[in-house]
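Here's the structure we're looking at; comments come further down.
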Amino acid sequence: MKFLLDQLLLLPLLIFFTLESFLKLFIPKKRKSVAGEIVLITGAGHGLGRLTAYEFAKLKCKLVLWDINKHGIEETAAECRRLGARAHAFVVDCSNREDIYSTAKKVKAEVGDVSILVNNAGVVYTSDLFATQDPQIEKTFEVNTLAHFWTAKAFLPAMMNNNHGHIVTVASAAGHTVVPFLLAYCSSKFAAVGFHRGLTEELAALKRTGVKTTCLCPNFINTGFIKNPSTSLGPTLEPEEVVVKLINGILTEQKMIFVPSSIRFLTLLERCPGTAKRALDGLIQESSSGVCFLVYKRIESDYIISWITSSSS
């Protein structure tokens, strides 16, 4: 009986997400035009950053591409040019604040004021706390968190002066829930999510409503950084499916993008009272296949209500 009562606490969230899903089906949000915008993407030499650059090239943007890998960034730039975009490649170490600031000056002088900034560069080290070396912890925060501050300080003033721009923070589902043996990475992504939320509120307080913010929080992506990545949050993602969600989120000015969208529901449960969390834990113990059905149904059709049917059958 207590288990059933605990499950009732989940109903408001289930109803909310179901209604939200139906509304999204019938009221698609208008996508803004970004043609002619100067888009800077960090970590653009491979993976998600490279694919993001290709998509912006197709949208007729001017690309500023940063990466520590010279060969990788030149390959990305060449493909962007083949797609018809102007692309400028810079070799930048995003763990080095002075390198960021000095390259930012070159960008402003040679290309112009950046109007869309995508902070995508990231590093990850897989080991327990004591096996993670101090320099590795420092570099994780320098790239995954602090670089966002330095790029924003370099390029945000022009956006604020024009009351026009977009700051995109590529974080992770690990910025909302933790994974063992990724302590430094998860902590840095929690900080990145906090950066996004704090910046969003600060821009609103300063009445710079024309400067938009977006935060991407995907499950682990198959980019080669982590061997055989897996979590209880759902299947490992391919970068191609994530970039579609990212570009759509930017063009529709979404504040927070979860991929798969079920992660949003699960992270909200983290903040629920203990009884609601116990209800979820009970459902996981009762039927792990039901929880998997929730994740996959949310990917395919964005319906949560299907989980109720699955777990009760």
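Could you go through region 172-178 in sequence order and give the Karplus-derived ³J(HN,Hα) for each residue, using 6.51 cos²θ - 1.76 cosθ + 1.60 with θ = phi - 60°, rounded to whole Hz, and x for Gly and Pro?
5, 4, 6, x, 10, 9, 9
Whose amide H sits under 5 Å from the amide H of GLU37, counting only residues 5 or more places off or on another chain, with H placed in the peptide plane?
Sorted by chain and number, the residues that satisfy this are LYS62.
Over the Cα atoms of region 118-217, how large are the radius of gyration and the largest Cα-Cα distance (Dmax), in Å?
14.6, 47
What ³J(HN,Hα) values, in whole Hz, does the Karplus curve 6.51 cos²θ - 1.76 cosθ + 1.60 give for region 101-111 when θ = phi - 60°, with x put for Gly and Pro?
5, 5, 5, 4, 5, 5, 4, 4, 6, 8, 10
When the convex hull of the Cα atoms of region 35-129 is projected onto a plane and the area is averaged over all directions, what value comes out in nm²?
6.3 nm²
Quick one: 3J(HN,Hα) in Hz for region 242-254, Karplus 6.51/-1.76/1.60 with θ = phi - 60°, rounded, Gly and Pro as x.
Couplings: 6, 5, 4, 5, 5, 4, 4, x, 5, 5, 9, 6, 6 Hz.
Just so you know, all these numbers are worked out from the coordinates, no wet-lab data involved. From a predicted model like this one, the values you see are computed outputs, not experimental measurements.
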